[in-house]
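The values are calculated or read from the model by the stated rules, or taken from the named source; none is laboratory data. In this text the structure is predicted, and so the values were computed from the model without any measurement. Note that each Cβ is placed from the backbone with ideal geometry, even for glycine, and that neighbours are counted across all protein chains shown. When the accessible area is computed, the model is the full protein with side chains, heavy atoms only, and any ligands, DNA or RNA have been set aside. Shrake-Rupley method; radii C 1.70, N 1.55, O 1.52, S 1.80 Å.
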Amino acid sequence: MAQPNNEPRRRYKLRVNFVGADAYDADENVRPYRKLIYLAYATQRIGNVRQGIEEMFTKLYPEDSGHKVMRLRDSLMCDVSDDFLVSDVFDDSPEVYAAMEGLT
């Protein structure tokens, strides 16, 4: 569906890596616990994306549903504010790290 200016809503194909909340250093080759693809619109707030990623994780991996996504990080493992827009953070790289409570 097109927006009023006839431009299609841009979607981002985010590659989500689930890591422990203490995993910060991308140079240490942090091994993700799980991985998935998440589609997000450019104008979505990161907080909404974080909630959506957590819901998708619970649906895909019900045996691990007790884990909560605490925050999202960009490809350089920098924490991202829930108030930012997807287009502001993930234009350079679709790599997302979902820092989860209870993972090591």
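Observations on the structure shown:
- Taking only protein heavy atoms and a 1.4 Å probe, the accessible area of the chain is 45% carbon and sulfur.
- Cα-centre dipole for the chain with unit charges at Cβ (Lys and Arg positive, Asp and Glu negative), debye to 20: 520
- Qualifying lysines (Cα of each under 18 Å from Cα of Lys59; at least 8 residues distant if same chain): Lys35, Lys68
- The value of relative contact order for the chain, using C-alpha pairs under 8 Å at least six residues apart, is 37 percent.
- The residues of the chain expose on average 63 square angstrom of accessible surface per residue, using a 1.4 Å probe on protein heavy atoms.
- For Cα extents along the principal axes in Å, the candidate list reads (i) 46, 31, 20; (ii) 36, 29, 24; (iii) 78, 25, 18; the entry that matches the value derived from this model is (i).
- FRET E, pair Leu76, Glu55, Förster distance 25 Å, beta-carbon r, rounded to 0.05: 0.45
- Taking the C-alpha atoms only, the angle from helix 46-60 to the longest principal axis of the chain is near 60 degrees.
- Simple label model, 7 Å out from Cα along Cβ direction - Leu85 to Arg45, nm: 1.4
- Point-to-point label distance, Glu63-Lys35, nm (Cα→Cβ direction, 7 Å offset): 2.0
- Across the range 54-99, C-alpha contacts under 8 Å between residues 6 or more apart give a mean separation that, scaled by the residue count, equals a relative contact order of 39 percent.
- Computed [θ] at 222 nm, helices only, for the chain once each DSSP H run of length n ≥ 4 contributes -39500 (n - 2.57): -5500 deg cm²/dmol
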